[in-house]
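Okay, so here's the structure we're looking at.
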Ligand code: NAD
Ligand code: UDP
């Protein structure tokens with residue numbers, strides 16, 4: 001019988017982790033999914049449970065990880081990712097970015113596995129360089145409310161690079177920019193589910209600040225393709241930005257959602273959260289040159305798919321608020 005490659009995916013029941021599970025199953029891997037369900041949901045991966053090449057461990061990766069047998073790849077994606085989540089569970093966020101990556105790197109060293117970490121555009125903080133290249137070191141307030149996430153991710157990069165340099169672990173660092181698509185939680189506080197949820201419930205859309213701050217949104221399938229290519233790129237251990245450079249202000253984004261959903265509600269303005277980055281756009285020259293990767297799904301198409309997903313949710317789920 002053919003021996004399948006084995007991959008451990010941490011954060012597998014989350015938005016991105018679940019899409020990664022689907023991709024690795026499609027590529028005929030044996031997938032070991034791990035999650036403590038702190039922000040994720042089994043619903044995102046339950047369609048994979050009947051498969052013989054899929055297994056799930058309910059485990060906190062900030063605690064020692066034991067995986068029997070061989071392991072070829074580790075994808076460390078466990079971490080609260082939305083500002084509302086990491087403000088609510090700051091210590092767990094710091095722990096999974098520090099203790100969690102230490103455990104994963106120890107496991108990678110013991111198993112001689114290749115390890116990828118999910119880093120983030122947040123390592124650039126409120127950037128003074130625009131668009132952000134991988135060479136930019138960032139502008140982060142370590143003790144501000146977002147510091148628990150940003151610094152955990154920066155530590156995670158430092159730890160990963162140290163294990164590569166000192167223990168010769170085969171590592172990859174992907175810096176992910178704002179990504180969206182089906183399986184985001186409607187109430188996770190991120191701007192896209194927030195706006196679509198408000199439109200579906202007949203509420204006004206809440207723009208924070210004056211709406212002039214910008215983001216660049218990448219559709220999840222494009223992101224997963226970029227990640228898969230980076231994992232397969234040999235001998236490159238520096239960070240690589242993966243994101244869609246199509247930048248838009250949050251005010252204009254709200255207008256796009258109003259048009260898409262046909263809601264008759266209006267935009268209302270609320271205070272801008274502390275240290276909210278003013279602008280964000282990836283420079284993806286490295287991804288293009290190294291991986292031959294560019295995003296393929298434009299915002300209109302990606303938003304339509306995502307809106308259809310949210311519309312298909314039950315009324316109960318729509319009304320539920322986690323926060
Ligand atoms: P998510 O909250 O949907 O998924 C994170 C998953 O990690 C959840 O299922 C959660 O239960 C799990 N988790 C958290 N702490 C854990 C722990 N200690 N042990 C085991 N499991 C744990 O978030 P997401 O959007 O899918 O983000 C996934 C990863 O990608 C995160 O590392 C995040 O920082 C990174 N990222 C995401 C984006 C984005 O736009 N979605 C952007 C940049 C980086
Ligand atoms: N935002 C907003 N209204 C909301 C939720 C978010 O105007 O209901 C803004 C938020 O202040 C930020 C942008 O949208 O400027 C993106 O926020 P998100 O939480 O999605 O991601 P991040 O700030 O981490 O990029």
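Each reported figure results from applying straightforward, stated rules to the coordinates on display, with no laboratory input. All values reported here derive from a predicted model rather than from experimental measurement. Positions of Cβ are generated from backbone atoms using ideal geometry, with glycine treated the same way; all protein chains shown enter the neighbour counts.
Bridge orientation summary for the chain: considering DSSP beta bridges with both residues in this region, about 10 percent are antiparallel. Counting only alpha carbon atoms, the long axis of helix 299-311 and the longest principal axis of the chain meet at about 90°.
Normalised by 2.2 N^0.38 Å, where N counts its residues, the alpha-carbon radius of gyration of segment 84-174 equals 1.12.
Between residue 312 and residue 229, the modelled label-to-label distance comes to 2.7 nm, taking each label 7 Å out from Cα in the direction of the beta carbon. Output the 0 to 90 degree angle, nearest 10, between the alpha-carbon long axis of helix 220-231 and the longest principal axis computed from the alpha carbons of the chain. Rounded to the nearest ten degrees, it is 30.
Reported value for segment 97-234: 141 Å³ per residue, from the convex hull of its C-alpha atoms. If you sort the three axes of the alpha carbon gyration tensor as a ≥ b ≥ c, you get a/c of 1.5 or more for segment 1-130 and a/b above b/c, which makes it prolate.
Pairwise inverse Cα distances across the chain, averaged and inverted, put the Kirkwood hydrodynamic radius at 20.0 Å. Across every pair of non-identical alpha carbons in segment 169-257, the mean reciprocal distance, once inverted, gives a Kirkwood radius of 14.7 Å. Shown is the FRET efficiency for residue 167 and residue 305, computed with R0 = 25 Å from the Cβ-Cβ distance and rounded to the nearest 0.05: 0.05. Each principal axis of the Cα atoms in segment 212-323 has its own extent, and those three values, largest first, are 51, 32, 27 angstrom. Note on residue 135 and residue 256: the model spin-label points, each 7 Å out from Cα along the C-beta direction, lie 3.0 nm apart. For the chain, the longest principal axis of the alpha carbon atoms and the long axis of helix 15-26 meet at an angle near 50°. Relative to the globular-protein estimate of 2.2 N^0.38 Å, the Cα radius of gyration of segment 244-299 stands at 1.53.
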